[in-house]
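S.K.: Sharing a structure, written as structure tokens. Questions coming.
The values are calculated or read from the model by the stated rules, or taken from the named source; none is laboratory data. Keep in mind that this is a model prediction, so the values were computed, not measured. Note: ideal-geometry Cβ built from the backbone for every residue, glycine included; neighbour counts use all protein chains shown.
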Amino acid sequence: MNSRSLLAEHPVQVAKDGVSSTLSEPRESPLSACARLRAAGIEKSYHKGNVEIPVLRGVDMEVRHGEFLAIVGQSGSGKSTLLHLLGTLDVPDAGEIYFDERRIDRLPSRQRDALRNQDFGMIFQFYHLLPELSTLENVLVPAMISSSVWGYLVRRRQYTEQAKHLLDLVGLSHRLRHRPRELSGGEMQRAAIARALISGPKVLLADEPTGNLDRSSGHEVIRLLRNLNVQQSLTIVIVTHDDEIARQADRTVQLVEGRIEPK
Amino acid sequence: MFKLLLCWRYLRTRYIALASIISVTLGVATMVVVNAVMAGFTTEMQDRIHGILSDVVFESRSLEGFHDPQWHMRQIDRVAGQYIKAMTATVNVPAMLRFRYGDNWMTHPVQLIGIDAATAGDVADVTKYLQHPDNRQHLSWDLRDGGFDVLPREASAEMPPRSQLQDAGWPRRRRRAEQEQAFRESLTPGRVEPPGFDMPRAEDSFATNPQLLSGPNQGTPSTDVASTVSSEDPNSNAAEPSPVDAVGEDSLPSEEVNPFERADMALQDQGELFDPARDQFDGLIMGIAIASFRSGDGRDHFLALPGDDVQLTFPTVGTPPKAESMPFTVVDFYESKMSEYDASFVFVPLEVLQRARGMIDPTTGIGNVTSIQIKLKDDRDAAVVRDLLRASFPEQIYGINTWRDKQGPLLAAVQLENRILNVLLFMIIAVAGFGILAIFFMIVVEKTRDVGVLKSLGASKQGVMSIFISYGMSLGLVGAGVGLGLGLLIVAYINEIAVLIGSFTGHQVFDPSIYYFFTIPTIVDPRTVTWIVVGAVSIAIAASVLPARRAARMNPVEALRYE
């Protein structure tokens with residue numbers, strides 16, 4: 001696997017490298033010929049009883065190869081909804097979403113499941129680790145989902161090695177057997193990042209990853225994401241309302257009342 | 001893979017699931033136990049019914065019977081010979097049986113059956129239930145020289161021995177004869193009584209052998225009045241010390257043997273006086289409950305024993321039928337433990353009964369019988385044979401039935417009872433199923449966010465669903481497995497458990513004096529057990545389907561937002 005070999009070469013560097021200096025000024029991201037993710041005319045509204053609440057009112061945006069994109073906006077501006085739509089967790093009412101120029105918003109659910117499993121890695125504000133499983137097992141869940149029982153058992157050693165390596169990468173190699181409730185917030189989020197990386201995704205979608213963390217843990221998580229972005233050219237989309245984090249991104253788009261506002 | 005892991009983890013961490021496991025366990029265990037006991041009782045009962053009834057009964061609709069059983073057997077063999085293993089002819093008539101106990105004549109209505117000792121054993125298990133071991137091997141109408149089973153067969157160790165059977169047979173008969181002799185001599189020393197003297201009803205009985213309980217040497221038996229009478233015989237009047245009572249338990253008043261009237265049939269070719277100490281009448285096998293009763297402590301008390309003489313009164317085949325009386329000597333008891341049979345069946349030699357009823361044609365020597373009992377190679381063919389025979393013989397004259405037809409209402413009632421009980425018990429498991437349903441809905445609600453996470457990680461609907469279904473299946477399997485083990489354990493130790501419960505509650509759970517069994521019969525039918533386990537697991541799975549579907553259909557975005 002690509003990410004594995006890449007990460008294996010610089011484990012220490014990734015973990016310890018002070019990237020803040022590199023990230024202090026937004027980097028000029030190279031404009032790719034085609035976008036990794038592209039949304040066109042996205043509309044989405046929610047229903048509360050008979051009342052229709054429009055959340056997204058025609059969003060056009062694109063996420064380029066290898067960029068670190070921040071989506072900012074106030075609470076209720078629809079940024080999480082947009083992220084969910086990009087990650088195929090939800091279906092837009094109108095508009096189209098393309099992943100590597102392949103339309104994904106109307107795919108049958110099975111293909112969207114596979115897409116989420118293989119191509120997207122997701123991180124949430126509340127980490128969403130499974131409380132019954134250990135840290136290591138939580139990281140292995142996507143691998144378990146993607147393979148059959150037999151296939152998993154055959155490659156179990158390989159998967160475990162990979163998960164351990166990823167946990168080492170995020171600095172949790174000493175927490176393999178712990179249950180999520182025995183971890184701190186920052187540790188849980190780092191475990192969630194390791195989980196998002198296990199199947200070698202092409203895009204990492206992070207929904208307020210630091211929203212529930214103290215400042216230093218938040219910084220650590222952002223540094224980790226930034227490193228991944230730099231080291232592996234991993235495309236990262238991060239939703240945040242924290243301007244400081246947004247400043248570290250290559251590019252920022254702002255959502256105001258369901259529309260992209262130029263910034 | 002994640003399904004199995006999560007399912008396993010949920011199983012280990014959700015103690016509420018224990019509740020549903022326990023309810024499944026209890027349901028399965030109860031069903032296993034009840035089915036084993038019901039099957040035990042049913043089989044035991046059927047065995048006993050079947051033991052006396054052959055597979056197919058070919059019978060005359062009239063007590064007159066039909067002529068020439070051999071010809072009928074040939075015809076039956078011609079029609080359905082390929083199914084038939086053995087046949088035997090019998091004569092069944094209602095009759096009255098009388099024997100003396102103390103001062104009283106005990107009269108019982110009985111079902112009198114004349115059987116051919118040589119072939120009856122091939123057809124039905126009559127001999128299996130006799131009390132003398134040699135008779136069980138080979139039935140003989142001659143009185144045995146003691147050796148009857150004192151310990152009842154198929155009984156537990158607690159069953160009190162039937163000590164009265166100890167001297168049954170010739171020893172008892174001889175002693176009674178001597179006792180009577182001694183008693184008679186004590187009344188009229190040196191005088192030979194004329195026949196018929198002191199015998200108010202000469203036709204009543206030959207059974208006039210007072211018993212000397214404490215041995216033949218006792219000159220005047222009046223010494224042991226009180227002890228023997230009061231302890232053994234609730235019917236006798238101990239307060240009235242007449243010489244009759246004084247003789248003891250089975251004492252009889254002084255009556256003379258009337259060899260001319262009573263015993264001429266048995267003795268006509270011997271040309272000498274009938275001596276009850278050496279001679280016997282035709283043998284008779286009597287249902288044990290006719291001659292005994294069981295007291296509350298489980299002890300059997302006998303009013304007559306092998307070696308005693310009894311009198312049978314039955315209808316002859318003349319027009320109009322007349323009542324014919326005849327003495328017989330009890331040679332053995334029949335104890336199938338089906339109280340209905342034990343209290344009504346009396347067996348005598350076929351030819352004796354035929355002759356006594358006038359069923360034998362004097363010119364040809366060929367007799368009538370009332371039925372032919374047919375034993376099949378495989379008793380499952382009974383209905384086929386019955387239909388074949390019904391098609392070949394006029395139904396106006398012959399009734400042809402399988403043993404199940406004959407006991408139809410009883411068997412049907414038991415079967416119905418069994419079925420209803422099973423339905424009710426299955427409801428227990430269904431209740432467990434609803435428990436699982438409720439608990440699962442709870443777990444699904446609790447796990448809403450995790451379901452969202454799994455979906456965001458790419459788990460399919462089916463995947464999410466199968467977590468909960470395999471969870472339900474595991475609960476069912478564990479519950480049913482433990483229940484099966486528990487049930488089998490209870491079945492294995494059911495009698496001990498019954499005793500234990502009895503000692504706690506002070507009530508006997510299983511009263512042997514009612515059931516005639518001393519242990520609770522159980523049969524574990526692997527097929528039934530399999531069905532119970534499969535049913536329980538299916539109910540558990542069925543109960544988990546609804547919550548699982550709900551989980552699978554959850555919108556991941558909403559599920560993730562759920563706090």
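S.K.: Determine the pairs where a residue that is within 14 Å of chain A (Cβ to nearest Cβ) and within 24 Å of residue B:17 (Cβ to Cβ), located within the range B:540-563, has a partner that is in a helix (DSSP H, G or I) and of a type in the set (Gly, Ala, Ser) with Cβ atoms under 8 Å apart, the partner being 6 or more residues away or on another chain.
M.R.: B:554/B:452; B:559/B:452; B:562/B:452
S.K.: If you check residue A:66 against the conditions, is it out of contact with any helix residue (DSSP H, G or I) (no Cβ under 6 Å at 6 or more places or on another chain), within 14 Å of chain B (Cβ to nearest Cβ) and not in a strand (DSSP E or B)?
M.R.: So residue A:66 does not fit the description; no.
S.K.: Of the numbered conditions (1) under 38 Å from the mean Cα position of the chain (by Cα); (2) in contact (Cβ under 8 Å) with a residue 12 or more places away in the chain; (3) surrounded by fewer than 17 Cβ atoms within 10 Å (Cβ to Cβ), residue B:501 satisfies every one except a single condition; which is it?
M.R.: Failing condition for residue B:501: (2).
S.K.: Name the residues in the range A:69-114 that are buried (at least 20 other Cβ atoms within 10 Å of the Cβ) and in a helix (DSSP H, G or I), would you?
M.R.: Passing the criteria: A:79, A:80, A:81, A:82, A:83, A:84, A:85, A:86, A:112, A:113.
S.K.: Go through the range B:455-466 and give me each residue that's within 7 Å of chain A (Cβ to nearest Cβ) and over 60 Å from the mean Cα position of the chain (by Cα).
M.R.: B:456, B:457, B:458, B:459, B:460
S.K.: Determine if the range B:76-84 includes at least one residue that is closer than 21 Å to residue B:342 by Cβ, in contact with a helix residue (DSSP H, G or I) (Cβ under 9 Å, 6 or more places away or on another chain), at pLDDT 85 or above and among the aliphatic types (A, V, I, L, M).
M.R.: no
S.K.: Kindly indicate which of A:73, A:121, A:87, A:151 is within 11 Å of chain B (Cβ to nearest Cβ) and in contact with a helix residue (DSSP H, G or I) (Cβ under 6 Å, 6 or more places away or on another chain).
M.R.: Answer to the selection: A:121.
S.K.: Which condition does residue A:261 not pass, out of (1) touching a residue at least 40 places away in the same chain (Cβ under 8 Å); (2) among the acidic types (Asp, Glu); (3) out of contact with any helix residue (DSSP H, G or I) (no Cβ under 9 Å at 6 or more places or on another chain), if it passes all the others?
M.R.: (1)
S.K.: What number of residues within the range B:435-454 are away from chain A (no Cβ under 13 Å) and touching a Phe, Trp or Tyr at 6+ places or on another chain (Cβ under 8 Å)?
M.R.: Within the range B:435-454, residues that are away from chain A (no Cβ under 13 Å) and touching a Phe, Trp or Tyr at 6+ places or on another chain (Cβ under 8 Å) number 2.
S.K.: Taking the range B:519-563 on its own, how many of its residues are among the aliphatic types (A, V, I, L, M), crowded, with 16+ Cβ neighbours inside 10 Å and within 47 Å of the chain's Cα centre (by Cα)?
M.R.: Residues that pass the stated criteria total 13.
S.K.: Okay, next question. Do you know which residues across the range B:111-129 are closer than 21 Å to residue B:327 by Cα and surrounded by 22 or more Cβ atoms within 10 Å (Cβ to Cβ)?
M.R.: Listed by number, the residues that qualify are B:112, B:113, B:114, B:115.
S.K.: Just to check your reading of the model, which residue among B:381, B:332 is in contact (Cβ under 8 Å) with a residue 12 or more places away in the chain and within 25 Å of residue B:101 (Cβ to Cβ)?
M.R.: B:332
S.K.: Still on this structure, please answer the following. Among the numbered conditions (1) within 11 Å of chain B (Cβ to nearest Cβ); (2) closer than 17 Å to residue B:457 by Cα, tell me where residue A:191 comes up short.
M.R.: Status for residue A:191: all satisfied but (1).
S.K.: Moving on. Tell me the residue from A:123, A:97, A:104 that is under 11 Å from residue A:239 (Cα atoms) and among the β-branched types (Val, Ile, Thr), please.
M.R.: After ruling out the rest, the residue left standing is A:123.
S.K.: What residue, among those in the range A:132-148 that are touching a Lys or Arg at 6+ places or on another chain (Cβ under 6 Å) and either at the interface with another protein chain (Cβ under 8 Å from one of its Cβ atoms) or part of a helix (DSSP H, G or I) (or both), is farthest from residue B:466 (Cα to Cα)?
M.R.: Looking at residues that are touching a Lys or Arg at 6+ places or on another chain (Cβ under 6 Å) and either at the interface with another protein chain (Cβ under 8 Å from one of its Cβ atoms) or part of a helix (DSSP H, G or I) (or both), I get A:135.
S.K.: For residue A:252, state whether it is assigned to a loop (DSSP other than H, G, I, E, B) and under 16 Å from the mean Cα position of the chain (by Cα).
M.R.: Here the answer is no, as residue A:252 does not meet what is asked.
S.K.: Follow-up question, since we're still on this one. Within the range B:106-119, how many residues turn out to be without any contact (Cβ under 8 Å) to a residue 40 or more places away in the chain and in contact with a strand residue (DSSP E or B) (Cβ under 8 Å, 6 or more places away or on another chain)?
M.R.: 2
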